[in-house]
1. Where a Cα-Cα gap under 30 Å defines reach, which lysines qualify for D:LYS349, not counting those fewer than 8 residues away within the same chain?
2. For the stretch A:358-457, state which GluC sites (Glu not before Pro) are in a DSSP loop and have at most 12 other beta carbons lying within 10 Å of their beta carbon.
3. State, as an integer percentage, the relative contact order of chain A based on alpha-carbon contacts under 8 Å between residues 6 or more apart.
4. Using only Cα atoms, what Kirkwood radius does the stretch B:31-96 have, in angstroms?
5. Straight-line reach from E:LYS70: which lysines have Cα under 29 Å away, leaving out those fewer than 8 places along the same chain?
6. Sequence gap at least 6, Cα distance under 8 Å: using those rules, report the relative contact order of chain B to the nearest whole percent.
7. Using the Kirkwood radius over C-alpha pairs as Rh, can you work out the diffusion coefficient of the stretch A:271-418 via Stokes-Einstein at 10 °C, viscosity 1.306 mPa s, in µm² per second?
8. By how many degrees, 0 to 90 and rounded to 10, does the Cα axis of helix A:373-388 deviate from the longest principal axis of chain A?
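Bear in mind that the values in this text are calculations on the coordinates, not laboratory data. Because the structure is a prediction, the values reported are computed rather than measured. Cβ placement follows ideal geometry from the backbone for every residue including glycine, while neighbour counts extend to all protein chains displayed.
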Amino acid sequence: MNALISTALSGVVMMFAGLLIGNKQRIKIVAIVVLLVAFAANLAELSTLGAGERTYYGMITVSHFSILFNAIALGATLIFFLLSGSAFEKVGEHVSDYFALIFFILAGISLASTFSTLLMLFLAIEIISIPQYILAGADKKTPKSSEASLKYFLMGSFSTGILLMGIALIYGATGTFNVAELALGAGKVNTLALCGIILMAFALSFKVSAAPFHFWTPDVYDGSPTVFTSFMATVVKAGGFIAFIRIFHGAFVGERLTADWQLLLAIITAATLIIGNFTAVFQQSVKRMLAYSSIAQAGFMLLAVISMNTFATQGIILYAAAYSVATIGIFAVMIKLKDYTFDGFNGLARTQPVLAITTTIFVCSLAGIPLTAGFFAKYFVLAAAVQQGNLLWLVITAVICAAISAYYYFRVIIAMYFKQGEAETEEINGGFKLMLIITAAIVILLGIFPGLLLQFI
Amino acid sequence: MDWFFILEKIALISGVLAISLVVAMYSTWGERKVAGIIQDRLGPNRAGFMGLLQPLADGGKLFFKEEIIPGNSNRFLFILGPSLAMIVACMTSAVIPWGDTLTIAGRTVSLQIADINIGILYIFGVVSLGVYGIMLGGWASNNKYSLLASIRAASQIISYELAMGLSLIALLMMTGTLSLKEIVDQQRHGGWNVLYQPLGFLIFLVCSFAECNRTPFDLAEAESELNGGYHLEYSSMKLGFYLFAEYINMFISSALMASLYFGGYHFPYMDSLGWDPNIITILGTAALFIKIIFFLFFFMWVRWTIPRFRYDQLMRLGWNIMIPLALANMLITGAMVLYRSNAQ
Amino acid sequence: MPVQYYIFLSIVLFCIGVMGVLMRRNAIIIFMCIELMLNAVNLLLVAFSKMWADAGRVDAGGAQIFVFFIMVVAAAEVAAGLAIIVMIYRNSQSVDINIMNRLKN
Amino acid sequence: MLTVLLILIPLVAGLVTFGLKGSGPKMLGLIASLASLAVTVGALFQFRTDPGAAALKLDASWIPQLGAKFTLGMDGMGLMLCLLTAISFLLIFIVIYNREYERANSFYGLMLLSQAGLVGVFTAYDALLFYVFWELALIPVYFLCSLWGGEKRIPVTFKFFVYTFAGSLLMLVGLIYIYLQTPEHSFSYASFVSGAVSPEDQSWLFWLFFVAFAIKMPVFPFHTWQPDAYEQSPTPVTMVLSGIMVKMGLFGVVRWLLPVLPKGAYMWSDVAIVLSIIGIIYASCIAIVQSDIKRLIAYSSIAHIGLMSAAIFTNNEQGLQGMMVQMFNHGVNIIGLWIIVEIIQNRLKIKNLNEMGGIAQYAPGIAIFLVVISLANIGLPLTNGFIGEFLMFSGLFQYNVWFMAVAGLGIILAAVYTLNMVQKVIFGQSNALTETTTDLKANELVVLIAITGIILVLGFYPKPMLELVSSTTELVNKVY
Amino acid sequence: MFTDTVLLSATTPFSYFPIVMQLVAALGFVGITMIATHFLGPKRKTSDKLATFESGIEQKGNARQPVAIKYFLTAILFVLFDVEVIFFYPYAVNFKQLQWDGFYAMLIFVAFFLCGFIYILKKGALKWED
């Protein structure tokens, strides 16, 4: 609840900060300060919450899980602001508005992690989505950006329509929007409810860009201003997954019901993994590769969604953190480069060793190499799926895909270390390097002691 | 099947539509007469006594004028525009309570066409459609003046609709109902709403002017800038429909204001007269019409008194003044009502 | 009227909307089709609300509140969407989504 | 404590090395590997006096949510492999002491990190920890090969990396599955060997583990990365790869496959042995026709490893014992061979056997050592290779005489290609290039003498080595 | 079915029946008038008559070209604020039952409303003189 309130207010503050403060550097500082306040407010709720969870007006349920996830989302955004905040100026004039929109997205994410009725789920998804349409089109000078925006908008609102139809059908079948009540009545499932669940699964797959509903993702991520792609592909996507996992684990449980959607989602997961990984192999642009990699990573997070056990919740938290931080880091480095293709990274190790070594750590994390956070993230989601028992075929697929993912992730490392070339970068100041090192340190710390995060659940 | 009910409604609908048209026709006459009086000249005086047949002559002329549809216009939309404007104008009268109930041969007959519980929403919904008539007409004409006028009109109408809606909310907080009939009946004992909602009424009044494209907000028809505005390309009865629609809207606005703020068909001391209810009802209807005619006169009075706004002034008035004022009015009303209900 | 009629109507409307989105090329029309989908859902929700209210559920009004929220969100989407479409139109003088394949490699 | 030191010394030294300049990296590498060897020897004595000593163990909390602990320990096999690692790294550092590497700090740093990873693999007693070290040993080697390797190094190393990574991910799935089967949800070795896995599960789990280990060894048909990788890697890294890293696969089978999935291993032992024997014959045949000396040794390594992997699955004590002894001996021998190759390459800059010849005349030192080490590699009696091969063959004989017969062909083929190589390199017609060969320098001489010493000592007196591994052998046989 | 009670009670769909009737009447009136005037009026079409009127000068280009963005902006803002106003209606009707709690909630809502409103004013979205 605190996270929701503080992020929403922060958004308003940023809106007005732009009117009152002319200096863009100062706007960034204000954004970081209010974000820190939101972060603190979120954690402060932990002390008042006690052991259990608290429901507000039957609409929002705050739990340790939600607070932890919000902390991760806010923390990742903090890293994002610190690393890439100054890149906002390159996109356009309205820096404060971009910050405000990001805060509103965060409000949506905090709602996604706390909703307890389908109404709030819908609102959360929309509050997350609509600012993104605008961020995608923020670069008004380039036609690619506005096209990305339009594409995203049309696809996004289309999936919203499908989501709503799903919700309406479920309501028609059960007579309630309340997640807990839905779970209670899940025994008596009828066709109407099943159609609703399928539609909701489709719509949410759309939002988290799972195959075969992923086709908008590469174009949109490629066309959007890079700095916003970085946010959209990470924190926002994690928010989508939280909504996904909370609704499917919270509401659609029951022996028969779970089996019904589990198979559907398992197929979606397998498709996502295969398509995401295999297509990423053929990309020449790192930005596009990361877009496909985000699809591939979505496949892994879906593993958590279809597994109904504690590993899944732990895994999604860890995955959200590991994936977001690492990807934000890579994007932050990429923004500093002149050329976004793999060749643009050639020889980075010689010209900018700090950037190269931190990027290597981020890439290893994405590939799931031990001692980075990504390893335990993958570990937990795999463990969740293995524990599910009947999904071993999916686990094997996932593992093979993970091996393939090493192929394209390591192309970045190969380019940086083993290829000849002089990677051209912008001027890089010490503060940026320091932030990168801190971020990489976080990745490694989580890679050695994942318990640091998990103990809060 | 209750045929009497249907017959009764048919009679009522025909009556209301006829009266609307007649009032609209004579409003044109009234307008010119009022202009004449204000500007110290005669006004129409040739056709009939005091020019009373002038509206009929004008109407007849419109029927027999040549119908011109410009070559590069969109034919279908060109016809649809005025038709829509007219239909919308005719539809708003459906929920206005024209009077209390009459008892004829043991049957209770309501002088309201449809007493629905969301009357105000209905009016808002239907009135919002009115802007389409203007938009379509202006766009279909494919004329730069028309297009500009229709866009202006649309912007103006939607801008003032906000303040209008907000000002009504304060009223609704007091009445607690969306049914026009109930709102009117509540004023029977408690006094007219205008006493409690003077600011709300003022905002509503100003917004009504803007909604009806009346001076000082008649920028959509500003002859000096736009050669007559959105209906520049229209002729014959299609032009007539636009003009009629405007006057009918004025009529309905007046009726609405009278009903919402001035007690509708109520007149002072009506309960203490002790006459036959039917007579009281008829007197009530007459009272309503007197109020309506007063507002119509007021519309005309303003037209010939106040000059036209500039467009930026108009928008600033709407957004920067009317909306905050209406919000403040709403909040103050809310606080007052709650304070009083708790004090009791 | 039985609730099935409403369900049928809104499903038909919804399907028209979906087909429109999938088949039309004009961004505005796609957009309108999406609105049609949303309104089909609104209709369905109201119908279900009535159905459950008749069945004795006291909280059935919640579905109508849901409709309000859908309207509001749809309005927000309209605001964002129209702005985007205007921007596109000013850039390319067209709202045909077929010409927008610059992003395809 | 000693075990932790064994990991920490190369780890810390490696990290420090990255920041050093000039000859600092060399010195530090040498010092660190010496220290490691000293600690290993210390551990060896500790083990001989008291195998259960606390100094050899560490049990620290790591991820309580998962039931994973930071558990290290040493048994005879682990200690033996640690010893091999320590010796090998010391020898490698001595041999390359007078070589100049570009960015030497990174080179030595990565070498030391890989040493830390390897020791971790050999000492981990927690499955998750084992997995982590397993991967960690790979990463520095990947960078070493890609940065300092031959012309085609990038695709080749990449293939190597992806192969091993894919294999280890499969193993991860297996680990998770077994972990979930354990009643207390723990990754500890004790829980893993407690027999919680049902026979049906063991049957398919076997393959998840076997593929991972087979890729590392490598066993036919998972070997395709290996010759290329050996050829393209810088020779010091090839030594690490062939001398120690392949032992990770064998070690993995003995430590984590046989005791954990005994029924699975029993079920599939025929297939595993057949694959291994096919590998022996196949690799030997290819080795015969190789003209590239590095590839020849690479294929010979496949053949030798094939025999060891066949011996593991023979399900009897001799086979296992022989294989363990051979792990050490093969490591020493093949590193010896690579050192000779490195020396020749350093002098002549060629790899093609046909361009060599007559080195014996100009560099008799090289020739002598090459002959000795080659003979040990074939497994001639009185060299260290003999005892291991003898035990393995007798194990295989007990298992199935036909398997032994076919595998025995490998010995003959090995003699053919090894002697052929020796003949072509040191005897035969000298040419303009080979005439320039200079004989051994001091550091090379020291290393080769050390290796020859080990070969001969263990050839005459293998008992200490057999005793060292006997505890492990018995343990495995008990559960098997 | 068409009993007094059904038709007069305010909560059934039948209360809307008279509105349908009025719609039919209005449609009929407009349609008949349109058709009638179509036949009544003279028809002497010339190309000048059918040309678009531009104050007597030569017609230039098409009228349907982009107009000032301000109008779009107004429309979009209307859509946004109008739906916010929609929320006031159910509140206003239930306002007395909700008491002060509802009022405070509404104050928060109005505060957000005002935030947006002030923001667009300050951003100059409604500044027409430029």
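1. A:LYS419, D:LYS21, D:LYS26, D:LYS152, D:LYS159, D:LYS216, D:LYS247, D:LYS294, D:LYS424, D:LYS441
2. Working: sites: A:GLU422, A:GLU424, A:GLU426, A:GLU427; in loops: A:GLU422, A:GLU424, A:GLU426, A:GLU427.
Those satisfying the criteria are A:GLU422, A:GLU426, A:GLU427.
3. Details: 797 pairs, mean separation 66.9, N = 457.
In percent, rounded to a whole number, it is 15.
4. Numbers: mean 1/r = 0.0660 Å⁻¹.
About 15.2 Å, per the Kirkwood formula over Cα pairs.
5. Hits, sequence-local ones excluded: A:LYS24, A:LYS90, A:LYS140, A:LYS141, A:LYS144, A:LYS151, B:LYS144, E:LYS60, E:LYS122, E:LYS123, E:LYS127.
6. On the way: 491 pairs, mean separation 80.9, N = 344.
Worked out over chain B, it gives 24 percent.
7. This corresponds to a translational diffusion coefficient of 104 µm²/s.
8. Long axis of A:373-388 versus the principal axis of chain A: about 20 degrees.
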